[in-house]
């Protein structure tokens, strides 16, 4: 079946540092890929998405590129802020099943 | 700004009691998902509806959990009887799709504590 693997957290950074959160996937077919963010006490929110190979999703300074050859969708941001502290989930849908498959989530902590 | 709403936001109950959680999906969305989130298990899919029909509830303990959509504006998740191990945050999410990749919109969750 489909699966998503994310790097273990927490990731701890200082403000203005560069962020990378790794995500790799296994899926049949051609899934769409997503990053969701969960702030403390809230539900998940869609951060960005990409629907086909080489697409780049971007939002709020975050970017991720759909790399079919490496089955990856790594999340990046050039300069993180304290307000980016949250849990980030990589997900896919439309591979072997349209039911979304989520990674375990990666906690990001940004210090002033 | 359309949002998924969930009630109650917090629920504390004693073991053995019935718990009902409600979700109002975004108007026009035809898919509804119920998830449970715990520190140990992460995010688990419990049930999935499309056009109000249950398509997958394989993640749900059948002996005590039930999920329904009485109409297009209401989804319910019931636990009877509740147990301490059911303590978790329960999320509802809605989306629009006819079998295509699903982009989901999550509610704020119901935090359930069973003592």
Which whole-angstrom value gives the distance between the alpha carbon centres of segment B:1-65 and segment A:13-66? 24
What is the average number of partner chain Cβ atoms found within 10 Å of a Cβ in B:35-45? 3
So what is the relative contact order for segment A:31-110, in percent, with contacts set as C-alpha pairs under 8 Å and at least six apart? 29
List residues of segment B:80-98, by number, whose backbone nitrogen lies under 17 Å from a label position 7 Å along Cα→C-beta of residue B:20. B:80-82
So for B:92, A:23, fewest C-beta neighbours within 10 Å to most, what's the order? A:23, B:92
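Against the 2.2 N^0.38 Å scaling, with N counting residues, where does the protein assembly as shown land? I'd like the Cα-based Rg ratio to two decimal places.
Against the compact-globule rule of thumb, the ratio is 1.02.
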On each of the three principal axes the extent of the alpha-carbon atoms of segment B:9-110, given in whole Å and largest first, is 39, 28, 24
When A:18, A:62 are ranked with the fewest other C-beta atoms within 10 Å first, the list becomes A:18, A:62
Relative exposure of B:113, A:20, judged by other C-beta atoms within 10 Å (fewest first): A:20, B:113
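Quick note: the coordinates plus some simple rules give every number you see, no bench work behind them. These numbers were taken from a predicted model, which means no experiment stands behind them. FYI the Cβ positions are ideal-geometry reconstructions off the backbone, even for glycines, and counts take in every protein chain you see.
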